[in-house]
Amino acid sequence: MWCRRNTRSTCRCRCRTRRPSPPNEPDWGRGRSSPPTPFASEARRRLPPAAREWHKPAVRILYHLPLSPYARKVRLALAEKRIPFELRIERVWERRPEFLAMNPACTVPVLLEENGLAVADSYAICEYLDEAYPDIPLFGRTLGERAEVRRLVAWFDGKFAQEVTQRLLYEKQLKRLLGRGNPDAAAIRAGYANLRPHLEYLGWLAETRAWLAGPHVSLADFAAAAHLSALDYIGDVDWSLNEAAKDWYARMKSRPCFRALLADRVSGITPPEHYSDLDF
């Protein structure tokens, strides 16, 4: 206990004066260094008892949005590993307290296991799945493969997402939904322009390897396919730009794990006819 004199004491005064923060420790309770959202345990503690039952699902749940590339990547990983799960749409803009308790960042996807474990962030979920269910590996089988898988996942979830997905999917579909204004025409034009070199790079990978990261299908393929499938749903992928990329995507669409994505339909957005066509 710390008494009012800021010295450690065994006094019985029940002093509630708080221990001073060490010099390098952020003081979340005062000053300007407060976090934007509470940690999950603290957020959950603040909920009423009835709202804390998220940790007792009857079945494994994946909270998602249908056109989220990151949620789609996890859906493909779960399906490839043949892990049963239930999908639940999470309208993150509503900022439900129960969902904030699971993921203070309030982003999808979030995987809620039957034992109450909540795993947030698509990459963290996929690493968790590969460690918990190793029978069908997602990250490659050698050190070199695993390094290349991680590099390409970072490429598609980072560089491709910033240069293409955000400039097309976000600007054309999500921006209005989130109440953030009208689409930026310049950003959309840049997204279309950026798509060509990315498809050329993907096509080169597909031509020189069996799969994007090596001899086995991996999370790199699922990350790329997740972004492209979301863009393809809104008709923004010109597959004539690169035949090798198109052939690779046709192989991905033919995998059993892809069936649920091809059956997706989003209210108010009709996909092009070729979206669910395996021989497009």
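General observations
- Once the Cα-Cα distance is subtracted from the 0.36 nm per residue extended length, the Asn182 to Glu127 segment shows a gain of 16.1 nm.
- Cα centre as origin, Lys/Arg/Asp/Glu Cβ charges: region 89-136 dipole, Debye: 380 debye
- Beta bridges by DSSP in region 49-132, antiparallel share as percent, to the nearest 5: 60 percent
- Given +1 at the Cβ of Lys and Arg, -1 at the Cβ of Asp and Glu and no other charges, the dipole of region 181-280 around its Cα centre is 240 debye to the nearest 20.
- Exposure proxy shown here: for Leu219, Leu177, Leu138, the number of other Cβ atoms within 10 Å sets the order, fewest to most, as Leu177, Leu138, Leu219.
- Selection from Leu199, Val217, Gly268 lying farthest towards where the dipole of region 143-276 points positive, charges on Cβ: Gly268
- Neighbours of Asp264 by Cβ distance under 12 Å: Lys/Arg scored +1, Asp/Glu scored -1, total +3.
- Local electrostatic count at Asn182 - Lys and Arg +1, Asp and Glu -1, tallied over other residues with Cβ under 12 Å: +2
Every number here is computed from the coordinates shown, using simple stated rules; none is lab data. These numbers come from a predicted model, not from an experiment. For neighbour counting, all protein chains shown are included, and Cβ atoms are generated from backbone atoms with ideal geometry for every residue, glycine included.
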